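The values are calculated or read from the model by the stated rules, or taken from the named source; none is laboratory data. Bear in mind that the values here come from a model prediction, so they are computed numbers and not experimental data. Positions of Cβ are backbone-derived with ideal geometry, glycine not excepted, and every protein chain shown enters the neighbour counts. For the accessible areas, the whole protein counts, side chains as well, though only heavy atoms, and no ligand, DNA or RNA atoms are used. Shrake-Rupley method; radii C 1.70, N 1.55, O 1.52, S 1.80 Å.
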Amino acid sequence: MKTLREDLHELAAHAPDVDLAHLAIRGARRNRAVRLTLAAAVVVVVGIAGGSALLLQEVRPRPPVVLTPPEVKAVPLPEKGVAPVEQAYRLFCRGGCRETGWRILTRSGETFQLPAGPGPVEATADGRRIAYYSEKDRGIMVRDLASGQIWKAPLKQPKRDFAVEYTLRMSPNGLRFIVSGWGGRRKPNMLVDVEQGTVEQLDSGWWPVSVADGDGPVVLAKPYDKTTQVWVRGRKPVTIPTFTYEFSALSPDGRRLVRVGQVLGHGTPMVREDGTIVTFDALTGGSEQRVPVSGLPGDLRPAKLGGWLNAKEVTLVAVAESPRSGGSGVAYAVNVLTGQARELFTLRGEQYAVPGLVR
């Protein structure tokens, strides 16, 4: 089972060449669900033919996309003594069989099965803590994998909250997060501090980008027709000239964000990724630096960004241009100054969670 956004991305590749995208854009202000439909309907591809003033990544024949690694047997998650997470993933079967639920693959190569249940599974950027929904406790739990310590969020949420689209954005230590949902009757958008035991209702329509530990900055975004507002709470929102949800986390210096580069066209899809990443000042909206991403094999294209791995590199997930190519996504570290990407690992499953990924 894929997310609504992923399913619509696939459908958009075969959409008729009519002005549906324009109609979707006009409705983007109404609610989060419609904006997600637009984001999917304008699914992007790497490379654009013809005289763009932007610096586009050259498209050349390359080796085929790396296939998903063979699956291994998963054992139940131990109470403690678990290595940091490399990735969490979920396998789905077809033809009436039951879903396998979420698994985590650790950096030491072990695969563990998480307790069955709906809702989000996320890991902190360092992979040392995970968050998941506990149906028994009707809330989100944060768990330290090494020590086994568990924190229960001071927020009761029914199971139906997680039967629709959702986002869970964790701080570096995992003890502060935003949980947002859309598409159902309830649309939570709350900042939760499990250490302090507090819950704050956030303004409706703002999508979570980044959450810092303690009382550090919270970054939210709100796309419009052809622009997006980025808001570091405590400062005035800034406007960037594109419709996007594809941001990195806020940099350690508290100023820089990175987004996946896009260009506006006139055909279908209207918005296309141009093979670049763009670093900008989240407090002023200026100081943009655009660089082409290099080092991606096959037909992979930049799709998602995540946490900062050091002062110059952020996490990047690249996926195949064609959703029917049979390949898997790959996680990279990309240098925001040069655009050079270095491979980290190949993604598993049809649904995945990379530590620190903004999705």
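A straight Cα-to-Cα reach below 30 Å connects K136 with the lysines K2, K73, K80, K152, K156, K159, K187, residues fewer than 8 places away in its own chain not being considered.
Put R107, R90, R138 in order of accessible area, highest first, and with a 1.4 Å probe you get R107, R138, R90.
First compute the accessible area of region 181-266 with a 1.4 Å probe, then give the percent of it belonging to carbon and sulfur atoms. C and S fraction of accessible area: 46 percent. Distant-in-sequence amide contacts of G306, defined by a placed amide H-H separation under 5 Å and a gap of 5 or more residues or a different chain, comprise A249, T315, V358.
Counting only heavy atoms of the protein chains and using a 1.4 Å probe, T198 has close to 70 Å² of accessible surface. Per residue, the accessible area of region 297-359 comes to 33 Å², computed with a 1.4 Å probe over protein heavy atoms only. The mean sequence distance of close C-alpha pairs (under 8 Å, at least 6 residues apart), as a share of the length of region 210-317, puts its relative contact order at 20 percent. Of all lysines in the structure, those lying under 21 Å Cα to Cα from K226, and not within fewer than 8 positions of it along the same chain, are K236, K304.
Surface listing: D203, D225, D144 arranged by accessible area from highest to lowest gives D203, D225, D144, probe 1.4 Å.
Summarising the label geometry, the points placed 7 Å from Cα in the beta-carbon direction at R160 and D253 lie 4.8 nm from one another.
Label-to-label distance, T111 versus T284, with points set 7 angstrom from Cα along the beta-carbon direction: 5.0 nm. Ordered from highest to lowest accessible area with the whole protein assembly present and a 1.4 Å probe, E343, E79, E273 read as E79, E343, E273.
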